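Data first, discussion second: the structure below is written as structure tokens.
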Amino acid sequence: MPLASHEAPDVPPVAVEVVLLRHDPREGFTYRRLITALGRGVSPDHAARGLALLGEHDETHLVHSTSWRATREGGITLTYLVHPDPAPDQPGTLLPEPHRIARSSRPGHPSPPDLEVGHVVAHAVRHLAFLERTDPAVAAHVSAWPGLVHALHSLPLATAGEMAHA
């Protein structure tokens, strides 16, 4: 009898990471990063909203899953972007290079060896730039922040593999 996924032995841990994004036309992008273990029976979307302290019926914030990655310990981290940061008075981290891409030089080993949090956040911002141009709901959300829209339009709209040519 096959095991259900929640009964499988040695299931690696799953973490939910939330990038709370801000943009200031003078300073650029800043963010806060929160992370928690995904509890048994909790959906990742619900965990991300809870970590950002968003109510279940809050429709004023964009919450979008942007990526996942394996951890060195064998777990998985699911990354969500939340905009705007619901606590903008909290200290944030500047994202100096939203166009910076982490990549592996070895085609058979796709995980970048030098992956940093800044790379993950830059990917989330570029993902938001793509969605702003392709998803009407996201475009409607970010339209309330013209400076953010301008900053997103300054990023290349290309897939990661095309970035060297963009």
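When the chain is treated as a GNM, springs tying every alpha-carbon pair under 10 Å, which of P44, P156, P84 comes out with the largest mean-square fluctuation?
P156
Accessible area per residue, 1.4 Å probe, Å², for region 50-148: what's the number?
Accessible surface, normalised per residue, equals 58 Å².
Can you give the local net charge around V121? Use residues other than it whose beta-carbon is closer than 12 angstrom to its beta-carbon, Lys and Arg +1, Asp and Glu -1.
Around V121, the surrounding residues sum to +2.
Just to be sure I understand: with springs between alpha-carbon atoms less than 10 Å apart, which residue in A124, A52, A144 has the highest mean-square fluctuation in the Gaussian network model of the chain?
Looking only at A124, A52, A144, the biggest GNM fluctuation is shown by A144.
Name the long-range amide H neighbours of L38: under 5 Å, sequence gap of 5 or more, or other chain; modelled H, no Pro or chain starts.
Placed amide hydrogens put V14, A15, V16 under 5 Å from L38.
State the Kirkwood hydrodynamic radius of the chain in Å, one decimal place, computed from all pairs of distinct Cα atoms.
This gives a value of 17.1 Å.
For region 36-128, what is the charge dipole size about the Cα centre, in debye to the nearest 20, if Lys and Arg each add +1 at the Cβ and Asp and Glu each add -1 at the Cβ?
For region 36-128, the charge dipole is close to 520 debye.
Calculate for the chain the 222 nm mean residue ellipticity that helices alone would give, adding -39,500 (n - 2.57) per DSSP H run of length 4 or more and normalising by residue count, nearest 500 deg cm²/dmol.
-7500 deg cm²/dmol
Can you compute the charge dipole magnitude of the chain about its Cα centre, using +1 on each Lys and Arg Cβ and -1 on each Asp and Glu Cβ, nothing else charged? Give it in debye, rounded to the nearest 20.
Here the chain has a charge dipole of around 400 debye.
Can you tell which of A122, H23, A139 lies farthest toward the positive end of the dipole of region 9-166, using +1 and -1 charges on the Cβ of basic and acidic side chains (Lys, Arg; Asp, Glu)?
A122
Just need the relative contact order of the chain here, percent rounded to a whole number, with Cα pairs under 8 Å and 6+ apart.
Result for the chain is 22 percent.
With a 1.4 Å probe and all protein chains kept in place, how much accessible area does H123 have, in Å² rounded to the nearest 10?
80 Å²
Determine the share of region 1-124's accessible area contributed by carbon and sulfur atoms, expressed in whole percent, with a 1.4 angstrom probe.
Ligands and nucleic acids excluded, carbon and sulfur reach 55 percent.
Using a Gaussian network model on the chain with a 10 Å cutoff between Cα atoms, which of R126, R103, R22 fluctuates the most?
Sorting by GNM fluctuation, first place goes to R103.
Take each uninterrupted DSSP H stretch in the chain, measure its Cα extent along the helix axis, and return the ones at 18 Å or beyond whose mean Kyte-Doolittle hydropathy is at least 0.5.
117-134
Would you mind telling me the antiparallel percentage of the DSSP bridges in the chain, rounded to 5?
75 percent
The values are calculated or read from the model by the stated rules, or taken from the named source; none is laboratory data. Just so it is clear, the structure is predicted and the values come from calculations on it, not from any experiment. Here Cβ is always computed from backbone atoms with ideal geometry, including for glycine, and neighbour counts include all displayed protein chains. Each accessible area value is taken on the protein alone, full model and side chains, heavy atoms only, with ligands, DNA and RNA left out. Shrake-Rupley method; radii C 1.70, N 1.55, O 1.52, S 1.80 Å.
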